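Here's the structure we're looking at; comments come further down.
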Amino acid sequence: MIDQSVVAPPDSAARLPVRPSAGRFLILAVVFVCAACGLVYELELVALASYLIGDSVTQASVVLSLMVFAMGLGSLLAKRLRCRAAVGFGLVEAALALLGGTSALVLYATFAWMGESRYALIGFSLSIGILIGAEIPLLMTLIQRVSRQDAGGTVADLFAADYVGALVGGLAFPFLLLPWFGQLTGALLTGAVNVVAGGALVLWVFGRDLTGRERGLLLLVNVLVLTVLGTAAVTVDDFERAARRAVYGDGVRVAVQTDVQEVVLTGGREGPLDLYLDGRLRVSERDEFRYHEALVHPAMSGGRHARVLILGGGDGLAAREVLRYGDVRSVTLVELDPGVARLARTDPALAGLNGHVYDDPRFRVVYADAFAWLRGAARSEPYDVVISDLPNPGITPSTKLYSEEFYGLASRVLAEGGRLAVHAGPSAARPRTYWTVDATLRAAGFRTSPYSATGRVSGFGAGPDRAHDGKDAERDAEKDDWGFVLAAVGRAPRVGLSPQTPPLRSLAGPVLEAGVLSAERTRLRDLPPSTLVHPRYAG
């Protein structure tokens, strides 16, 4: 039986400026639009949380669980507004558009100037969830004022429009809003669409049900929200530049959003060059040579190295070390992001740092996901050395690149007696992650020789992926810690340097011997390997 408290009186349709069927269609269209906007807000929060805080699985779980809980709370709270459903819905949509549209700006601002965005993330997740949850009960009341229908049919229509709108919003976010407008402008544009759709429905279709004061209030609120969103959209470029200066300092020279990540270069003209990927320091000219020499030269010193494969390392710095050997015939680099490679080739400071390796005829770059590329490379000529210069395993998108399956694929492209060098994260700061890499390599059939290296100023302290925030800076100030594993099939490789090794700035035999002992002091035994279906790494 239909709840008579939400059914319009017989003459309600006569007060509508459109026929009941048209009014019903307009309400369902607004449900569609609001659902699309709501899902964009959710995805925006997840994407920004993963970018600013890290560990996308944890952040997605936190945001979505809080929002679903808050949606239930919002549905309960909306019961109090059913008697004034039209004006209530209009105010809810205005508030949702303001909060959702500015959420990206506020989160980025708290990260840039306060160094912490977790509390803002929780606040937005709860408040946006409450407002989204209040929509359906109010729309249920409005649609039954337009035309009488059994409650089951009304609920089916509303949820059908809601789910289809969510589908469109979910697809529009990665394929339209992010590439065309970016995170900040995309959220502001979504908020503008949201407030226009909600305000137009209430003021046009249900305007005759409102008092003059309610119409004036809704019109004023919608104009104010649009003004705030429009002003933010006009000044968003200035905001981004100011926020980048707050995060990276005054030396920001290049800032681009590629299809994969945000790439920022600082310094290079006046001061050392730093390369940030999605807010994490990946290269510091101050001491990047310590990391890249320790990663490359032990693997190159164990035997043949005519053919070398580098996984990751689009900055060209690992390739620089490899190409210092005159008997190297070919180097293949597999890089996911063409934007990073483009900068490494064309930016004068970065190209100078990598020795212009992209101009070397022995060097070839392939733009592909390393996992997918290895699956198709098994029948090619094998490589004497494979170097895995990838982000830390604790960063969720990289977890599959530190799995038993990935190392199994790597073993298929290695020549007999070949070596695999793996950047495995910090051995002292995160020993469980580091020794899980070692256990995973052994599970894939490798014999391993772990070792570590240290530095003093680079952001590689928590692996070459330090997030640029105060807590990580404190950890890095204590000690830089770079962990590696040298692996081979058959016999465990020796960690050392050969007489043919070119002159190095930081690495020598005693340094490597100390690195082996340093890593062994942190050893954790009997750790299970990480696989695709059971990842063992924590962010």
>> I need the Debye-formula profile for the chain: one equal scatterer per C-alpha, no solvent, reported as log10 I(q)/I(0) at q = 0.07, 0.11, 0.12, 0.13 1/Å, two decimals.
In response: -0.50, -0.93, -1.04, -1.15
>> Give me the net charge for the shell around TYR358: Cβ to Cβ below 12 angstrom, other residues only, Lys and Arg +1, Asp and Glu -1.
In response: 0
> In what sequence, highest mean first, do 99-105, 156-162 appear when ranked by Cβ atoms within 10 angstrom?
Replying inline: 99-105, 156-162
> Considering only DSSP states other than H, G, I, E and B, which trypsin sites (Lys or Arg not before Pro) in segment 234-274 qualify as loop sites with at most 14 other Cβ atoms within 10 Å?
Replying inline: ARG269
> Tell me, what % of the accessible area of the chain is carbon and sulfur with a 1.4 angstrom probe?
Replying inline: 59
> What helices in the chain pass both tests, a Cα length along the helix axis of 27 Å or more and a mean Kyte hydropathy of -1.0 or higher, using whole DSSP H runs?
Replying inline: 20-52, 56-78, 85-114, 118-146, 151-172, 178-200, 212-234
> Based on the Cβ-Cβ distance of VAL68 and ARG523, what FRET efficiency does E = 1/(1 + (r/R0)^6) give at R0 = 45 Å, to the nearest 0.05?
Replying inline: 0.60
> Which whole-angstrom value gives the distance between the alpha carbon centres of segment 130-169 and segment 336-412?
Replying inline: 49
> With every protein chain present, what is the per residue accessible area of the chain (1.4 Å probe, Å²)?
Replying inline: 43
>> Can you tally the net charge around ALA86? Count Lys and Arg as +1, Asp and Glu as -1, for every other residue whose Cβ sits under 9 Å from the Cβ of ALA86.
In response: 0
> How fast does segment 4-158 diffuse by Stokes-Einstein, in µm²/s, taking the Kirkwood radius from C-alpha pairs at 10 °C and 1.306 mPa s?
Replying inline: 95
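The values are calculated or read from the model by the stated rules, or taken from the named source; none is laboratory data. Every value quoted in this text rests on a predicted model; they were computed, and no experiment measured them. Note: ideal-geometry Cβ built from the backbone for every residue, glycine included; neighbour counts use all protein chains shown. Accessible surface is based on the protein model in full, side chains and every heavy atom, while ligands, DNA and RNA are left aside. Shrake-Rupley method; radii C 1.70, N 1.55, O 1.52, S 1.80 Å.
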